[in-house]
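The values are calculated or read from the model by the stated rules, or taken from the named source; none is laboratory data. Since this is a predicted model, take the numbers as computed values, not measurements. Reconstructed Cβ throughout: ideal geometry from the backbone, glycine too, with neighbour counts over all protein chains shown. Protein only, heavy atoms only, side chains kept; ligands, DNA and RNA dropped before computing areas. Shrake-Rupley method; radii C 1.70, N 1.55, O 1.52, S 1.80 Å.
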Amino acid sequence: MDHDRYLPLIQKELKNLPDYIQDFYLQTNHSVTTIYQYLTEFRRFFDWLRTSGISDAKDNQSVKTETLAKLRRRDIILYIDYLKHTPNKQHRTNSPTSINRSINALRSLFKFLTVTADTENGQPYFTNNVMLKIDSLNTTETLNYRAHNLETHMYTGDRKYDFINFIKNEYEKNCDPRALAAFKKNKERDICIAALILGTGIRVSEAANINIDDLHLEDAMLDVIRKGGKRDSIPIAPWTLPYIISYLKVRQDKYNPSKDQKAFFVTQYHGSVRRITYNSIEKLIKKYSTAFGHPLTPHKLRHTLASELYEITKDQVLVSQQLGQKGTSATDLYTHVNQEAQKDALRKLK
């Protein structure tokens with residue numbers, strides 16, 4: 001599960017960060033993936049504070065809240081400028097979207113330190129929240145541009161069935177002989193994973209965390225654990241059910257999980273049956289979609305469901321509920337994904 005994978009990484013980051021970051025970790029309600037991402041952002045920010053001379057701390061663990069309390073808007077602007085011109089791991093400059101993630105992490109930290117934190121005297125650490133003066137960067141992509149780019153990386157309509165049928169009937173023909181036995185063993189499971197994401201719009205981490213008891217096939221419903229550990233229950237598209245049932249029929253015989261193994265999607269590694277990781281799901285979707293000729297990620301399968309659902313319902317609230325989102329702002333993009341309506345309107349112009 002995500003918790004098992006990220007907890008050691010989180011603890012490793014916390015060891016090299018100040019005690020108030022430990023408080024942030026304990027007193028905020030973020031998912032483990034978000035917490036880990038934020039901690040890496042804090043590490044990068046503290047590294048910059050020290051190398052730029054704003055903090056005279058000998059290491060990140062020694063950066064004081066007094067330093068953060070005295071930061072001015074100009075300091076944060078200089079940090080953003082640093083991010084703009086510093087190559088990332090891919091040796092490219094950080095995009096506005098990437099920099100905005102850094103800004104959001106710092107917003108969360110400063111909100112905690114100035115508002116949420118409950119220190120020994122019952123007060124926050126300090127009151128000057130410099131991040132209130134910082135705007136997010138404007139991206140250079142319009143919704144139409146993002147929609148067109150997204151539409152070319154989805155499996156809407158018959159393409160999703162073509163993808164499933166490709167894994168079922170065609171992939172084996174071009175599979176590396178050394179990997180053929182593993183493919184045959186995991187075939188029903190892998191098809192079920194792809195179909196379930198396409199038929200529910202769940203996140204890859206939510207798919208990995210599904211338990212047997214979370215499936216209610218008689219009602220075509222699925223219980224999931226959303227970000228922040230929140231429980232949710234969502235409908236499953238009927239076309240997905242045969243693939244779920246097909247996997248269920250072979251799960252016991254192919255993997256022989258113990259009676260106390262609750263995980264729905266399992267894998268066998270060195271004779272041990274365990275829950276599949278979300279990283280493994282990402283790899284298998286990439287493998288099959290690349291062989292299919294249209295490489296994509298599990299997140300694009302989620303986009304596919306969102307786009308198709310909006311196209312049928314025109315209801316952003318319904319789509320956001322299916323996706324497990326807090327509001328409808330994230331679903332604005334799906335109102336633009338199908339640009340045929342725009343094209344049709346232009347054709348009618350005289």
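Step by step: first the residues of segment 195-216, then only those that are in a helix (DSSP H, G or I) and out of contact with any helix residue (DSSP H, G or I) (no Cβ under 8 Å at 6 or more places or on another chain), then the one that is farthest from N165 (Cα to Cα). Which residue is that? Don't jump to the end; show me each part of the working.
Narrowing segment 195-216 to residues in a helix (DSSP H, G or I): 195-200, 204-208, 212-214.
Retained after the next criterion (residues that are out of contact with any helix residue (DSSP H, G or I) (no Cβ under 8 Å at 6 or more places or on another chain)): 206, 212-214.
On the way: E206: 24, I212: 25, D213: 28, D214: 26 Å.
Checking each candidate, the answer is D213.
May I ask you to list the residues in segment 27-51 that are among the hydrophobic types (A, V, I, L, M, F, W, C) and open to solvent by 20 Å² or more (accessible area, probe 1.4 Å)?
The answer is V32, W48.
Within segment 65-74, which residues are open to solvent by 90 Å² or more (accessible area, probe 1.4 Å) and free of Cβ contacts under 8 Å to residues at least 60 places away in the same chain?
Just the residues of segment 65-74 that are open to solvent by 90 Å² or more (accessible area, probe 1.4 Å), to begin with: 66, 70, 72-74.
Selection gives K70, R72, R74.
Based on what the data block shows, is I76 closer than 30 Å to R5 by Cβ, under 28 Å from the mean Cα position of the chain (by Cα) and modelled with pLDDT of 90 or more?
Values: closer than 30 Å to R5 by Cβ: no; under 28 Å from the mean Cα position of the chain (by Cα): yes; modelled with pLDDT of 90 or more: yes.
Judged against the criteria, I76 is not a match.
Return only the number of the condition from (1) over 15 Å from the mean Cα position of the chain (by Cα); (2) under 16 Å from I164 (Cβ atoms) that D232 does not satisfy.
(2)
If you take the residues in segment 240-251 that are in contact with a helix residue (DSSP H, G or I) (Cβ under 7 Å, 6 or more places away or on another chain) and free of Cβ contacts under 8 Å to residues at least 60 places away in the same chain, which one is surrounded by the fewest Cβ atoms within 10 Å (Cβ to Cβ)? Talk me through it step by step, then tell me what you get.
To start, the set of residues in segment 240-251 that are in contact with a helix residue (DSSP H, G or I) (Cβ under 7 Å, 6 or more places away or on another chain) comprises 240, 243-244, 246-247, 250.
Restricting the remaining residues to those that are free of Cβ contacts under 8 Å to residues at least 60 places away in the same chain gives 240, 244, 246-247.
Numbers: T240: 20, I244: 21, S246: 17, Y247: 22.
Out of the qualifying residues, it is S246.
Does any residue in segment 252-278 that is open to solvent by 40 Å² or more (accessible area, probe 1.4 Å) and assigned to a strand (DSSP E or B) come within less than 6 Å, Cβ to Cβ, of a residue that is modelled with pLDDT of 90 or more and not hydrophobic (A, V, I, L, M, F, W, C) six or more places away or on a different chain, and which pairs are these?
Pairs found: Q268/Y255.
So, restricting to helices (runs of 4 or more DSSP H) that lie completely within segment 84-165, which ones have at least 3 residues that are loosely packed, with under 15 Cβ neighbours inside 10 Å and modelled with pLDDT under 85?
Details: elements: 96-111, 143-151, 158-165.
Filter on segment 84-165 gives 143-151.
Every residue in segment 297-312 that is among the basic types (K, R) and more than 12 Å from R159 (Cβ to Cβ), please. Even if it seems obvious, please write down each step before you answer.
We begin by selecting, within segment 297-312, every residue among the basic types (K, R); these are 300, 302.
Within segment 297-312, R302 is the sole residue that qualifies.
Look at N60 and say whether it is surrounded by 18 or more Cβ atoms within 10 Å (Cβ to Cβ) and touching a strand residue (DSSP E or B) at 6+ places or on another chain (Cβ under 9 Å).
Numbers: surrounded by 18 or more Cβ atoms within 10 Å (Cβ to Cβ): yes; touching a strand residue (DSSP E or B) at 6+ places or on another chain (Cβ under 9 Å): no.
It is false that N60 is surrounded by 18 or more Cβ atoms within 10 Å (Cβ to Cβ) and touching a strand residue (DSSP E or B) at 6+ places or on another chain (Cβ under 9 Å).
Under 7 Å between Cβ atoms, at least 6 apart or on separate chains: pull out the pairs that start in segment 297-324 with a residue that is closer than 15 Å to K160 by Cβ and open to solvent by 30 Å² or more (accessible area, probe 1.4 Å) and end on any residue that is at pLDDT 85 or above and of a type in the set (K, R).
What qualifies is T297/K286.
Would you call L284 open to solvent by less than 30 Å² (accessible area, probe 1.4 Å) and either without any contact (Cβ under 8 Å) to a residue 40 or more places away in the chain or in a loop (DSSP other than H, G, I, E, B) (or both)?
no
Quick grid of which residues meet (1) β-branched (V, I, T); (2) modelled with pLDDT of 85 or more:
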{"residue": "Y269", "(1), (2)": "no, no"}
{"residue": "R275", "(1), (2)": "no, yes"}
{"residue": "Y278", "(1), (2)": "no, yes"}
{"residue": "K283", "(1), (2)": "no, yes"}
{"residue": "K286", "(1), (2)": "no, yes"}
{"residue": "S307", "(1), (2)": "no, no"}
{"residue": "T328", "(1), (2)": "yes, no"}
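Residues to consider are I77, I54; find the one that is surrounded by 13 or more Cβ atoms within 10 Å (Cβ to Cβ), β-branched (V, I, T) and at negative phi.
Numbers: I77 fails: surrounded by 13 or more Cβ atoms within 10 Å (Cβ to Cβ).
It is I54.
Can you report the number of residues in segment 195-226 which are open to solvent by 10 Å² or more (accessible area, probe 1.4 Å), within 22 Å of R274 (Cα to Cα) and modelled with pLDDT under 95?
Counting residues in segment 195-226 that are open to solvent by 10 Å² or more (accessible area, probe 1.4 Å), within 22 Å of R274 (Cα to Cα) and modelled with pLDDT under 95 gives 6.
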